[in-house]
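Here's the structure we're looking at; comments come further down.
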Amino acid sequence: MPLKIYNTLTRKVEELIPGGIRKNTPEEYPPVTIYSCGPTVYSYAHIGNFRTFISNDFLRRYLKFRGFRVNHAMNITDVDDKTIKGSQQEGVTLAEYTKKYTGIFYEDLKTLNIEPVEHNPKATESVDEMINILKRIDENGILYEKDGSLYFNISKFPDYGKLSLLDKREIKSGVSFDADEYEKEDVRDFALWKAPKANEPFWETPYGPGRPGWHIECSAMIRKIFGTTIDIHTGGVDLVFPHHENEIAQSEAAYGEKFVRHWIHTEHLLVDGAKMSKSAGNFYTLRDLLARGYSPRSIRYLLMSAHYKKQLNFTLEGITQADQALERIDNFILRLNDRKNTSGENPGIENICSALIHEFIETVDNDLNISGGLGVFFDFIHKINTLISEDKVSGRDSEIVFETLKKIDHVFGFIFAVSDETEDADRERIDLLVNERIEAKKNKQFARADEIRELLKSEGVILEDTKDGTRWKRKK
RNA sequence: GGCGCUGUACCCAAGUGGUAAGGGGCAGGUCUGCAAAACCUUUAUUCAUCGGUUCGAAUCCGAUCGGCGCCUCCA
């Protein structure tokens, strides 16, 4: 069973064939080249941004889990209207300004347990490659200059519009296509290079000074890192038009070869059923949510748990539900830990574990069906839980289960990766109290036992009396 | 107006021709000194509505109604 993913360009679910030449196993393929449109570092990224980045992270992790090697780049857009404006308002250089928000962005990625990727190119460090592309487009007669800016001539690139089905679109009357204050021959031509304005940073080129148009940044970084056709290009749906359409036009017009094999677009996150916006009061950054006491792990779970091609309606209630799902996983791990010192061996465990891996792959291979994968995973927990209740899981068995959980967590990143669950400083004291309570119960001093239970409860520690003894956990 | 996503139980959410996964919640049960927690069991003759194709449809086709997004910077 091959891994299949929906391709925005062809509008079909297609097998992923890295390098374009079919091989027998994932390991035989060349590394999967992936480019993800990253953030513009002008402010804190919001949770909608992180939905896309988590969906990219899931793709990357799953490919590795399946045995593919990956070579993944995510850019940092560190020059555009917003970053320039922001730096001017704060009275700092563009570089200082973007450095601050780039740092914050990386911190947030780490908080959400999003894996670092192999390359993080910056637009400002890729200007040489942009000039190369400008030259090639110029040589091919598709570039024109007007008032110091350079434009892409859509009429000379017949393939223009194939990603966004532009020929099928009709322009709503009243929508201005000329909103960026630059003169163009055709309203749909787009700026490759923008003439410098007063007090704005600029770079020297053979075509004169100026700064990059937004779209050419990505084309240049992809060329610089990967050189040729890449396997996967990802981004949010809003980037289909015009950003990705323009990337295709530039790169293919410049180099005459296929730009990208698979386009993957993550649908938008809604908040309380509507588009997130500051004016609507439903705009959240990651840090807003953390300040309200929600855990990064729950947020990761929630953002990950729905299929990438469907809009995800984010609610605070949803985080709570995600948190409860995670608690089921945590309780499972606690129960598993309790089996550590039991002896014996249940041959059925190994079968259940390998069945989980097989079913998981079979499910998720179908266009990254994460919800289905979660279903398979919770089924597995249920099966093992039942065996634990029947006393049919030994210490050795539990180790096999743990190994399986670790494998799956390479994809999920929320089973064990719990940065917010550090070693409890009060562990010793709590253990002592718990033991005192066990003694009290033995001696039928129930008043004292209840007193200890209440004391710990007031500190947020929950005791669980099981038939094998008492264990405790922190209330979330 | 065009394009795209979408409508599955109280909430979240899989399932694209073979008879409704999973999580939360609710309700029972087990365990317990009592509780709590945990675990177990149960919870949609039905998939927005209407019609069609088919031996068979949530899944395909047509119509209708509804939610959301994009078409302007945007993950």
task = Determine the distance separating the Cα centre of the range A:108-135 from the Cα centre of the range A:318-347; give it in Å without decimals.
result = 40 Å
query = Quick one: putting +1 on the C-beta of Lys and Arg, -1 on the C-beta of Asp and Glu, what dipole do you get for chain A around its Cα centre, in Debye to the nearest 20?
reply = 840 debye
message = Which entries of A:LYS340/A:LYS441; A:LYS258/A:LYS309; A:LYS99/A:LYS135 have Cα-Cα distances beyond 28 Å here?
response = A:LYS99/A:LYS135
query = Once amide H atoms are placed 1.01 Å from N in the peptide plane, what residues at a sequence separation of 5 or more from A:ASN75, or on another chain, have their amide H within under 5 Å of its amide H?
reply = A:SER36, A:GLY38
key: Cα pair distances of chain A binned at 10 Å [whole percent]   = 4, 17, 24, 23, 15, 9, 6, 3, 1, 0
Taking only Cα atoms of the range A:282-353, radius of gyration then Dmax in Å = 17.3, 54
task = Give the distance, in whole Å, between the Cα centre of the range A:216-233 and the Cα centre of the range A:278-302.
result = 32 Å
query = What ranking do A:277-287, A:235-245 get when scored by the average of other Cβ atoms within 10 Å per residue, highest first?
reply = A:235-245, A:277-287
request  = At a Cα cut-off below 14 Å, give the aspartates and glutamates reachable from A:LYS162, other chains included and same-chain residues fewer than 8 away excluded.
outcome  = A:GLU245, A:GLU247, A:GLU252
message = What do you get for GluC sites (Glu not before Pro) in the range A:346-402 restricted to DSSP loop and a cutoff of at most 16 other Cβ within 10 Å of the site's Cβ?
response = A:GLU390
query = Which aspartates and glutamates does A:LYS12 reach when only Cα atoms under 15 Å apart count, and residues fewer than 8 places away in its own chain are ignored?
reply = A:ASP365, A:ASP367
note = Burial-style ranking of A:404-411, A:127-134, average other-beta-carbon count within 10 Å with highest first, yields A:127-134, A:404-411
ask   = Tell me which aspartates and glutamates have Cα within less than 15 Å of A:LYS100's Cα, excluding those fewer than 8 residues away on the same chain?
value = A:ASP78, A:GLU90, A:ASP108
request  = Enumerate the amide H contacts of A:GLU14 below 5 Å, restricted to partners 5 or more residues apart or on another chain; note that Pro and chain-start residues carry no placed amide H.
outcome  = A:ILE5, A:TYR6, A:ASN7
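Read-outs throughout are calculated quantities, based only on the coordinates presented, and are distinct from any laboratory measurement. In this text, all values refer to a predicted model and were calculated from it rather than measured experimentally. Neighbour counts are summed over all protein chains in view; Cβ atoms, including those assigned to glycine, are modelled from backbone coordinates with ideal geometry.
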